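What follows draws every value from the coordinates through simple rules; no lab data is involved. This structure is a prediction, so every number in the text was calculated from the model and none was measured. Don't worry about glycine lacking a Cβ; one is built from the backbone with ideal geometry, like all the others, and counts go over all protein chains shown.
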Amino acid sequence: GDGYNATAVLADGEVIVRKGSLCRTYEAPSLNANSIALRAELKSTGVLQVTDAGLLFTQDYAFGSPSGAAQVVYGASVNGWDAWKFKSGKSLQS
């Protein structure tokens, strides 16, 4: 998508965003306070690094839900069950 390019795996009920994935640098007004705080924490701990291309995951990171992971990546309020797609193009929800 525009400003992000992320891959993830599903394991043990978690969505693990892979090292090297990119997040949008900006945050939309729709992004909830918890996701804003988590993005700030991930930046301060070095999990997300600011680059010219976007926020870069420096390591794999596990999220408890598809939506939580998608919101950090998108920088906006999104439904992760629809946002995350398999290579086939189907969403997690389909």
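Computed quantities for the displayed model
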read-out	value
In Å, descending, principal axis extents of the Cα set of segment 30-81	25, 21, 19
Table column - 3J(HN,Hα) (Hz), segment 43-53, Karplus curve with 6.51, -1.76, 1.60, x for Gly and Pro	5, 5, 8, x, 5, 10, 10, 6, 10, 4, 7
Extension gain from Val50 to Trp81, taking 0.36 nm per residue of separation minus the Cα-Cα distance	8.5 nm
Net length gained if the chain between Thr7 and Ser30 were fully extended (0.36 nm per residue, minus Cα distance)	6.0 nm
Interchain or long-range residues, amide H under 5 Å from Ala6's placed H	Leu22
Efficiency of FRET between Lys19 and Ser94 - r from beta-carbon atoms, R0 25 angstrom, step 0.05	0.40
Residue-wise HN-Hα coupling along segment 14-19, computed from phi with Karplus coefficients 6.51, -1.76, 1.60 (Hz; x: Gly, Pro)	10, 9, 9, 6, 7, 3
The chain - Kirkwood radius from inverse mean 1/r over Cα pairs (Å)	13.0
Mean Cβ neighbour count within 10 Å, used as a protection proxy, ranking 81-87, 70-76, 51-57, 21-27 highest first	70-76, 21-27, 51-57, 81-87
Net dipole in debye of the chain [+1 Lys, Arg Cβ; -1 Asp, Glu Cβ; about Cα centre; nearest 20]	200
Estimated vicinal HN-Hα couplings, Hz - segment 26-35 in sequence order (Karplus 6.51, -1.76, 1.60; Gly, Pro = x)	8, 10, 6, x, 6, 5, 6, 4, 5, 5
Amide H partners (placed H, <5 Å) of Phe63, local residues excluded	Val15, Ile16, Val17
